[in-house]
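The values are calculated or read from the model by the stated rules, or taken from the named source; none is laboratory data. Because the structure is a prediction, the values reported are computed rather than measured. Please note: Cβ atoms are built from the backbone with ideal geometry, for glycine as well, and neighbour counts cover all protein chains shown.
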């Protein structure tokens, strides 16, 4: 288990997730599964988090109930990736509860090509 600045990496076989940069880099060409879960910090606010592949938005998740202080947003996707493609989360709008502290991001190789 790695820890840095309120971020934990529970499993990182092969060290393809760079904790300092918060970026996953594909070790080989294949189909990968990614999912994430985030929690907004304040009511009267909307959050938007994008899953990015090589600096391009792939999927998003929104939480925007104006009467709820704590609200979660989640999403997941299967991606075709080439070796060295990068995947990461980008906060487009809003404030996350505890920064990224209460958020999760998971990814793994489903099928090598």
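Remarks
- Taken over region 10-26, the criterion of being surrounded by fewer than 15 Cβ atoms within 10 Å (Cβ to Cβ) and either at pLDDT 95 or above or not in a loop (DSSP other than H, G, I, E, B) (or both) is satisfied by 18, 23.
- Output for region 82-95, where each listed residue is assigned to a loop (DSSP other than H, G, I, E, B) and either surrounded by 15 or more Cβ atoms within 10 Å (Cβ to Cβ) or in contact (Cβ under 8 Å) with a residue 60 or more places away in the chain (or both): 85, 94
- Test: residue in region 51-70 that is closer than 20 Å to residue 8 by Cα, surrounded by 17 or more Cβ atoms within 10 Å (Cβ to Cβ) and in contact with a strand residue (DSSP E or B) (Cβ under 9 Å, 6 or more places away or on another chain): yes
- Selection within region 55-71 - assigned to a strand (DSSP E or B) and over 30 Å from residue 27 (Cβ atoms): 62, 63, 71
- Residues in region 96-113 that are more than 19 Å from residue 10 (Cα to Cα) and surrounded by 14 or more Cβ atoms within 10 Å (Cβ to Cβ): 96, 97.
- Candidates are the residues of region 39-50 that are free of Cβ contacts under 8 Å to residues at least 60 places away in the same chain and in a strand (DSSP E or B); the one that is surrounded by the most Cβ atoms within 10 Å (Cβ to Cβ) is 49.
- Residue 74 meets each of the listed conditions (1) in contact (Cβ under 8 Å) with a residue 40 or more places away in the chain; (2) outside any loop (DSSP other than H, G, I, E, B) apart from (1).
- In the set (1) at pLDDT 95 or above; (2) surrounded by fewer than 16 Cβ atoms within 10 Å (Cβ to Cβ); (3) part of a strand (DSSP E or B), residue 79 fails one condition alone, (2).
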